[in-house]
Structure formats: structure tokens, C-alpha cells
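Input: a single structure, listed below in C-alpha cells.
Throughout, read-outs are computed from the coordinates displayed, never taken from laboratory work. Please read these numbers as outputs of a predicted model, since none were measured by experiment. Every residue, glycine among them, receives a Cβ derived from its backbone with ideal geometry; neighbour counts consider all protein chains shown.
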């Protein structure tokens, strides 16, 4: 997600500074053209049905030289990240790079962005997916552009069925799954750094297993990710004020300028800090209705998922949930965990990371995987090797040829550590010391993980910290060997909080206890690193019962001599937290203590 924001965060529910550039996915696809790579670009307008109304879509058609009715080619369809348009460098470059590879490209501004009409509807398959399906009609030759242009040069698998793939990042990633859910004609997908469940993305409750992302959803809301969410909200709502000659179909009302009404209601409910039962049910139902979690059972298209490790907006758990669901339904799916995500706007400075502005698809591991995916499913080169089921970038490897490791399955949770009453993490339940420890929240946040967007736009961000008395930590012994953690750790906890117990059944979920779990890497010199600045917010449904937290997935090497530190904190200034003061006690004994489970790779 690329952006240029002047951030002035004055309160936990308001982002006051103007947004000066689109919040688009940090996907750069481009490269130098050669004489053999010529193509033409034609600007087109389409009027397509979308959610019960007609919407204007602004698009550019990339047609390689030599592609015509007698020599058709498969097509690649793509759209922008949130706040962007077809003209973004990261969006129009998709058309260029694939046209150079011989594909017909159709790159368009999503509904509510650029010069396309209609309201922002958060990649709703019933609206945004339907609009994309109308563009597939054009590629099939069954629909003309508004000026009468028709496409009779796209490879057809049957009458009205063009061979078409989709690629794009973030907002341009979820639209692929939404389109494939409503249109069976899509043949290949490459969604990058996108979401599985907006309820988890914007209001995460990291409870597991039943309540974590992709596993059925929860009825208790989480902790509002107010910085990220309000960035999107203001980006959308300010467009009618900043875009000249705005299409009138992009204006909703004076109280909800540019989004569909239910989206505005979602943001307002989240910002209110109040979660009464009926409003919460409506909120979660809407967020999930526009999310892949609600329609992946209808997606049958071969899908290559690429997700970023440095991503506090859509973390690795989102792609993992989508991957597992697709596989469970028999859909061909593979997954790559790259370094680049919404929290880091530049590719890692070693070979393997996708940064095609400096070359072509073949110059990076991720690029080669994408090229192979489309070769296999669009060019139908059945002998093409599309790579392993799972691959992940390792930032501790300096050899450019070896930065990505591969596996045929996701790592398992295979190591347990126990939370001792003396603040240690121990490897045997028998080593747990009896004891109790306390912390309490304050009325203002006392822990810091990140200033959302700061890394993406190059602004300084204070190092993560926790304020004494407002958190508890457990620290392991110095490691005797390098230890690689790949995947999402889990922690099973039980806390005592009489005040939370007194208020948790008030009828407003905001009265339930909130805490934040996270993992640090503690170096021998005392330097503490919050891995990728990621935290797991939890709103505890019932403090009289134990609960399990699914932490964000990570790929991290704990070097020899370093120590692993697990922390639960009362607050985090990137999220909303507890209503009122709720002291917490954690009691440990060998028979009854918290357990941290880690996906540790074997030597």
C-alpha cells in the first residue's frame, strides 16, 4: 500500500490530516520495452450492470503487436489498490508487463475511483464482482465498449468464454476472488497482500480456534484498528471534494459521500467504541458479506496467493485462511509469503522479492512463480512447473539465490513453552514456579506497536514499547541454537479480572476485557525487537474461562544466544482498547498455567 500522508493523530478515533496520495498496494510491475515487445494502448469506457444499477468503468486496453482475430491471445484483467486508479504506476504497469509477454491486458479503475462511476462498495461480489464480470463480457466479444469497440482477439475456450487471468494487490487482490465467485469464466488468479475477512482485518479478535480468521467468525467484536480503518474511510470520503467533474453516480448523500451506505455505517459503528448486540451482529454480517470468507466456496479458479510478512493490515493469517479454505474445497491453490506488505512499501534489497520496475518477471523468485502460473493456466502449458505448495522469504539469508525456502505443507505447532509464575518461559511444565502477577490498563494507551502507514510513506515511527505496570512478560532462556519460527504461534491463557467479570454481561461487548499478545526477540545486549511490529488483539468473551490466542503468522530467526519473550499488554495505541479500568492477574502453577505453542522448523 503506497501512500503519502501527513499524519496528525489527535485522538484514538480520528485521523485528521488530509490524504494526499492513493492507498494503493505496493506492487510495481514494469520493465523496459524492446522492439519485439510493442503493443498499443486504447482508452475505453464501459457501462456495466453492478448491484442493480449501471456503472461507468474507465479502462485501458493493452493489445500486443500481432494479436488479432487470427492470432488471439489470453487476457489479463487488473484494477487498482484502494484510492488509486488505472493510471497508477503500479496498476498500468500490469498492462504493460503482460502485454510485453504477449497477453491482452485490460486495466481499469475500480468503482468509485479514478474516472469510473458508482460508489465504493469494498469489493462486494454483488457489485464490484458484477462490474468485473461485465468487462469479461467485453473480452469474450459479447459486449462492446461504449464507443462500439469489440474484442475479437482474445483466446476463447468456448463461445462467450474468454481465457482470462487476474492479478493485483490489496483492494486489487480481493476483487479477483469476488469476481471468480460470480463468474466461472476466470481461469487463474494471483491475489497479492489482500484480505480474507474484513472483520478480522479492521476489528480483529484473535481468538482461536473457533473465532479466528477463516474459521467461522466470532460473535464478540475485537479491538478496532482505528488508524488503518480511518485512513481508508477518509481516502474514500474526501474524493468528492478533490476529484474535479465527479461522476454524479459517485455521490451518495451528505452524510455518506462516497461509500455505499452500509460501509459508512460500518465505519461509524467501529468509531463509536460501542458494540451493542444487534449493531454488532449487523456490523460483522456486512463486513463478512463483502469478504472472501463468505464466498470462497464458490471460487474454483487456480489461485496463487502472495502475502506480505511486513503487514499489520492484512497479515499472513488472512492468506493462510484463504489457502486452507480453497484447498478444503478442492481448489488448486499455492501460497508465497514475501517480505513486502502494507507496512513496508519497498521490496527487500535482495534477489527474490517482486520489484519488476527494475526488470521483468524473470528477475525475481515471485515474478517467476507468477509467470509460471499464467503460463500453466492461461497459455495451457501443462508441463510448466508452478512451484511448491508453500514458499517463504527469509530475511536472514544473504545469498540472493537462497532467500526463499519451500515446503509442501504449512509448518505445524510443534514446540511448547510454559508461562512460569516468576516471569520465565520454560520448556517443561514441571519447571513452572507458582506465583501470581498483575497489570492494569490506564485510560490512555500505554503500549506502542506501530504508527500505521508510517513505514510505507517513510515517516519515522517510535520503537515499540510497553509501560511498566500495564503489561506482563515471560522470557525464555538464551537459545543454544538458531531457531526459525515459521507460521502463527498460539497461546492458551487464563486471567483473573473481577472488574471485567462484573461488566462483561452488560449487553455491550465493549465492556469485555481487551488485551494484546505479542512476541519479542531479546538480543544479548538487551535490544528488544517486536517481530514485524505485529500484535494479536483479543476481546475476551468470558474471563472465567481459558481462551486461546492465534498470534499473527511470522517468519523469523531467533539467533543463537537470543531469547524469546511473550507479552500480554493492556493496550496498544494503534487500536481501541478497554472501556474503564480492568486490572488483570495471571496465576501460574505446574498443573495450571499458560502455554505458548510455536511452529519451529526442525534443523
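Structure notes:
- Relative contact order (%) - criterion: Cα under 8 Å, at least six apart; region: the range 452-535: 18 percent
- Taking the helices alone, the chain has a mean residue ellipticity at 222 nm of -5500 deg cm²/dmol, built from -39,500 (n - 2.57) per DSSP H run of at least 4 residues and averaged over all its residues.
- Contact order for the chain, expressed relative to its length and based on alpha carbon pairs under 8 Å spaced 6+ residues apart, stands at 14 percent.
- For 175, 94, order by how many other beta-carbon atoms lie within 10 Å, fewest first: 175, 94
- Note on residue 253 and residue 414: the extension gain reaches 52.6 nm, defined as 0.36 nm multiplied by sequence separation minus the Cα-Cα distance.
- Values of log10 I(q)/I(0), in the order q = 0.09, 0.10, 0.17 Å⁻¹, for the range 363-469 under a Debye, Cα-only, solvent-free model: -0.57, -0.68, -1.04
- All-pairs Cα distance distribution in the range 261-404, expressed in whole percent, bin size 5 Å: 2, 9, 14, 16, 17, 14, 11, 8, 6, 3, 1, 0
- Evaluated over the range 412-459, the Cα radius of gyration and Dmax, each in Å: 17.7, 48
- Cα-based Rg / Dmax (Å) for the range 224-344: 17.3, 47
- Stokes-Einstein diffusion coefficient of the range 415-598, Kirkwood radius over Cα pairs, 20 °C, 1.002 mPa s, in µm²/s: 127 µm²/s
- In the chain, the longest principal axis of the Cα atoms and the axis of helix 365-377 are about 50 degrees apart.
- Fewest-first ordering of 55, 264 by other beta carbons within 10 Å of each residue's beta carbon gives 264, 55.
- Normalised contact order of the range 415-598, rounded percent, pairs of Cα under 8 Å and 6 or more residues apart: 38 percent
- Between helix 316-328 and the chain: long-axis angle, C-alpha atoms, 0 to 90°, nearest 10: 70 degrees
- Descending by average beta-carbon neighbour count within 10 Å, the peptides 129-139, 524-534 line up as 129-139, 524-534, the highest first.
- To the nearest ten degrees, helix 226-237 and the longest principal axis of the Cα atoms of the chain are 30 degrees apart.
- Options (i) 21, 57, 22, 0; (ii) 21, 54, 23, 3; (iii) 19, 52, 27, 3, 0 - which one matches P(r) over Cα pairs in 20 Å bins from 0, in percent as calculated here: (ii)
- This ranking places 560, 512 by how few other beta-carbon atoms lie within 10 Å of each, fewest first, which gives 560, 512.
- The stretch between residue 156 and residue 241 holds 26.3 nm of extra length on full extension. This uses 0.36 nm per residue minus the Cα-Cα distance.
- Inverting the pair-averaged 1/r between distinct Cα atoms of the range 29-118 gives 13.5 Å as its Kirkwood hydrodynamic radius.
- Here r is the Cβ-Cβ distance between residue 481 and residue 68 and R0 is 41 Å; the resulting FRET efficiency, rounded to 0.05, is 0.10.
- FRET efficiency estimate (nearest 0.05) - Cβ-Cβ, residue 505 to residue 428, R0 35 angstrom: 0.40
- Extension gain, residue 402 to residue 265, is 44.6 nm, computed as 0.36 nm per intervening residue step minus the present C-alpha separation.
- By the Cα gyration tensor, the range 412-503 has an equivalent ellipsoid whose semi-axes, rounded to whole angstrom, run 27, 24, 13 from largest to smallest.
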